[in-house]
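Working notes, structure below.
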Amino acid sequence: MTAIVCMALTAAGLVIAVLRGVRGRFRSALRWGAVALVPVGLYLTGLITVFRRIGSALGSWGTHLVFDPKIWTGVVLLGVAVLVLLATGVGRGRRAPKAGKAEKPAAVPGGSVPAVAAKRQSAADLGDFSDIEEILKRRGI
């Protein structure tokens, strides 16, 4: 029965593709032809059976969700875990160091110049961008 439905859908899609092609809409015809091949491709690869099993498993889980206290306990535990993770700041970036604790600048490999000075030197090598900096400052960027 599944094979018949898939082949009928493919045939209908190919008919639409041919009609589009006759009318001069070749891109649309190619799209319809490609979409028309999907049902038979799914059937021949066995993915329709996989999707049916997944749907059946989800349906079974859904019916058990309503009546099974064990599943409700699991849902509550997952909710508590998410709340604790959100409350403790998972997903936030690293905080800036406190004002009292200043970090030493990192050294540039192969030299004793701090990394900040090396960045300034490389920025100076790129040329004068003072006009661009001025525009960005006026815009608040």
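Structure notes:
- For the pair Thr45 and Ala8, a Förster radius of 30 Å applied to the C-beta separation gives a FRET efficiency near 0.95, rounded to the nearest 0.05.
- Each label point was placed 7 Å from the Cα along the Cα-to-Cβ direction; for Arg53 and Val22 their separation is 4.3 nm.
- Cβ-placed point charges (K, R +1; D, E -1), dipole of the range 2-87 about Cα centre in debye, nearest 20: 520 debye
- Along the range 40-49 the Karplus relation, 6.51 cos²θ - 1.76 cosθ + 1.60 evaluated at θ = phi - 60°, assigns HN-Hα couplings of 5, x, 5, 5, 5, 7, x, 6, 5, 5 Hz to successive residues, with x for each Gly and Pro.
- Share of Cα-Cα pairs in the range 15-59 lying beyond 16 Å, as whole percent: 52 percent
- With Rh defined as the Kirkwood radius, the inverse of the mean 1/r over Cα pairs, the Rg/Rh of the range 2-87 is 1.33.
Bear in mind these aren't lab numbers, they're just calculated from the coordinates by the rules spelled out. Bear in mind that the values here come from a model prediction, so they are computed numbers and not experimental data. Counting neighbours? That spans all protein chains shown, and the Cβs are built from the backbone with ideal geometry, glycine included.
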